[in-house]
Each structure stands twice: as structure tokens, then as C-alpha cells.
Amino acid sequence: MDGRQLWYVVANGTEYTLYSMGYKDPASHGANESMLKGGAGGSTPSFSTTAGNYTKWTVSKVESNYRLLNAVSGTSYSALTASSANNNISIVNAANANNYANWRFEKIETSTFNNYWGGSYVINGRRVQKGEKVHIRIDLTTSGPESVYWDNVLTYNDFTVALQWNGLSENIQIHMNNSTIPSGVTPFVVEIIGERYTNDGKHFGITLGKGSDGEVLPPNENDNPRNLHSGGQDWYGVQITLYLNSLKPLSTAKKRSIILHELGHALKLAHTTENSATLEVVNDPRGGYSDFNRVCSIMNYEEDDGNDLYCYSPTWHDMINLRNKWG
């Protein structure tokens, strides 16, 4: 079981939209979620990022464990079916549906999604509890040898993508400055600095928690060199270091996706393949749903882009994990 068999189902009355968690929209690199599309233009199902009747489905019970999916597409060819002869999927007239149009679903509670690190934030000497609202301020280093604007590799607008994390959890609110933080609220601070020397084409940044003394925490003993994050500990702040020379040749979209990825770490989200310092959940007998980046996520490894699942924006998978972490 991996992301290719996982669907995030959103109900609207008696109609359902099925979002793929193992397939991204290539044109937007995952910024637009991919929905299962019925027979609006023929009898072959496909994916769409534009909502409409052809991306809605009705689900009827066939037997105790099986369901029939009909596309709300205004066509007689509406029932999703497999082929008895090969692995192809098609759509047939519901009146002619046979056993190959019967589907069985296993419900996986989203509470089993656990691609996040343990520990919490500490603000004013108090540990943040799950369900509490946290205001996070992004502090950019804009001058000196650690300036994020060195050689014009990045601009202020590149960093405003941080606001894409807002709205995914009611308890996480990111601010680019103090002006939008409610009066009397002490924010959790994420500091972003630039580093000019790393240029290996594989590493683009690192996120590290800070201890009570304001210094960066050492990594956990069981972390491998790619995950120097001290992820299971309580953090009193966060420092993100961006490797500007490595970022320099990349497109604007990819630079921004890396900023979003590192901010995901600042929110204590782990890589999708990671099990070090995460909260262990067995996921029933199915095993790890995120094995080898098999879900669409901003938290996939950049260097594993070849599997075509590296995304440029937070996805359903990221939203679920963020909510499971912070409420």
C-alpha cells in the first residue's frame, strides 16, 4: 500500500470528489490537486485539476464490501470499471456493469498520518500544547555575510510563499512581520539566513531547531547526515539556512518550493520517507503508505525528483500531517 492507492475523499451531499494522493498535476507540479475525472469527454477516465460534474462521483452499494462508482457527467458511460484482460481502467454504461465495476475500499483514518516530528515549540518558557494557536514570525537576514539577498538569488516575494502554509491548520498562522501579529501575542520566530559556499547541486537548505539558550540544537544521535534536524526535541526557535549558490541556477518555482519545504520542517513536518524522530504509527497491516516518496508532498526529497512526485506547494498529505501535529 502506498500513495498510488490512496485517495482523499471529499463529500458534497451525495456526491464525492476523489483526490489522488499518489499523483500530481504535472503542469503545476502539484500546486493543483489531481481529481479522478469521469467520462466527460469519452469512456476513458483521467485526472483533472478543474472541478466540475465530471470530477464528482456517486457511490452505491453493490454488496456488503463492494461499491459502484458512477461519474456525475451527464453521459450513459459513467461506471468506473477495470478490464478482465489487462490493467486498463475505463468507464462503461452502468446498466452493463459487471464484477469488474465493483470496488472495495479500505478506510484509513487520517489520524494515522504521522510524517511529523515529536517535540513542540516553547514560547515565553511555556510549551505549546496541541490545539493551541501559534503565531509564527519569519525573520529574514537581509544584510551582512548571511544575507538571504546575496547576489540577487532570492527576493522578498520568493519568501512570501510562506503564507501558503496559512489556512491548512486553524492553529498555525505565519506572519512576514510584526504588523499582522495580534497585540500582546509573542510569536515563535523562524530565522532564515543565507549561506554562499555550498554548491553541490543536491543540497539546498537545512532547518535546525534552537534550544533555550538561543543556539542551534545538535542533531539526534540516530539521525543520518541528511536529517540533521533535532526533530524530536522541543524548540525555542528555528534557524533555516538556504544554500544560495546551490539555489542560484534553479527556476523561481523550484526555489520557492525549497523555501516551502524548509518551512515545512520548521513546522515540524518530516520527509515522507522518514521514520527517525517521527511518531510511530503502524498503519494497520498495510505498512508505510509513504514508502519511497509514494505520496505527493512538498516534503518529498528534492533529490528524488525523478519519481515525479516532488511538488511545488503543500498538498492534502501535508495538510493532514500539519493538522495531526498541531490540531
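The values are calculated or read from the model by the stated rules, or taken from the named source; none is laboratory data. In this text the structure is predicted, and so the values were computed from the model without any measurement. Every residue, glycine as well, gets a Cβ built from its backbone with ideal geometry; the counts of neighbours run over all protein chains shown.
Every residue, every condition in (1) buried (at least 17 other Cβ atoms within 10 Å of the Cβ); (2) basic (Lys, Arg); (3) not in a loop (DSSP other than H, G, I, E, B), yes or no:
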residue: VAL148; (1), (2), (3): yes, no, no
residue: ASP151; (1), (2), (3): no, no, yes
residue: LEU163; (1), (2), (3): no, no, yes
residue: GLY167; (1), (2), (3): no, no, no
residue: ASN199; (1), (2), (3): no, no, no
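Name every residue in the range 157-184 that is closer than 21 Å to SER120 by Cβ, of a type in the set (A, V, I, L, M, F, W, C) and touching a helix residue (DSSP H, G or I) at 6+ places or on another chain (Cβ under 9 Å), in order of residue number.
Result: ALA162, TRP165, LEU168, ILE172, ILE174.
Give the residue, chosen from ASN102, ASN199, ASN178, ASN124, that is in contact (Cβ under 8 Å) with a residue 40 or more places away in the chain and not assigned by TED's automatic domain parsing to the domain that holds ASP234. Lay out the reasoning, then the answer.
On the way: ASN199 fails: not assigned by TED's automatic domain parsing to the domain that holds ASP234; ASN178 fails: not assigned by TED's automatic domain parsing to the domain that holds ASP234; ASN124 fails: not assigned by TED's automatic domain parsing to the domain that holds ASP234.
Testing whether each residue is in contact (Cβ under 8 Å) with a residue 40 or more places away in the chain and not assigned by TED's automatic domain parsing to the domain that holds ASP234 leaves just ASN102.
Could you list, in sequence order, all residues of the range 169-196 that are among the small types (Gly, Ala, Ser) and either under 24 Å from TYR312 (Cβ atoms) or buried (at least 18 other Cβ atoms within 10 Å of the Cβ) (or both)?
Matches in the range 169-196: SER169, GLY194.
Can you go through SER147, SER120 and tell me which one is more than 21 Å from the chain's Cα centre (by Cα), under 25 Å from THR180 (Cβ atoms) and of a type in the set (Gly, Ala, Ser)?
SER147
Could you please find all residues in the range 287-306 being hydrophobic (A, V, I, L, M, F, W, C) and at pLDDT below 85? Step through it out loud before you land on a result.
Restricting attention to the range 287-306, the residues satisfying the condition of being hydrophobic (A, V, I, L, M, F, W, C) are 292, 295-296, 298-299.
Of everything in the range 287-306, those that are hydrophobic (A, V, I, L, M, F, W, C) and at pLDDT below 85 turn out to be PHE292, VAL295, CYS296.
Going through the range 176-197 one residue at a time, which ones are within 27 Å of ASP151 (Cβ to Cβ) and outside any loop (DSSP other than H, G, I, E, B)?
VAL189, VAL190, GLU191, ILE192, ILE193, GLY194, GLU195
With the structure loaded, tell me whether LEU309 is at pLDDT below 85, in the same structural domain as GLU146 (by TED's automatic domain parsing) and either under 23 Å from LEU163 (Cα atoms) or under 13 Å from the mean Cα position of the chain (by Cα) (or both) or whether it fails that test.
The answer is yes for LEU309.
When the range 105-146 is examined, which residues are found to be at pLDDT 95 or above, under 30 Å from ASN245 (Cβ atoms) and outside any strand (DSSP E or B)?
Within the range 105-146, THR141, THR142, SER143, GLY144, PRO145, GLU146 qualify.
Go through the residues of the range 223-245 one by one and say whether even a single one is assigned to a helix (DSSP H, G or I) and either modelled with pLDDT of 75 or more or in the same structural domain as ARG196 (by TED's automatic domain parsing) (or both).
Yes, the range 223-245 contains at least one residue that is assigned to a helix (DSSP H, G or I) and either modelled with pLDDT of 75 or more or in the same structural domain as ARG196 (by TED's automatic domain parsing) (or both).
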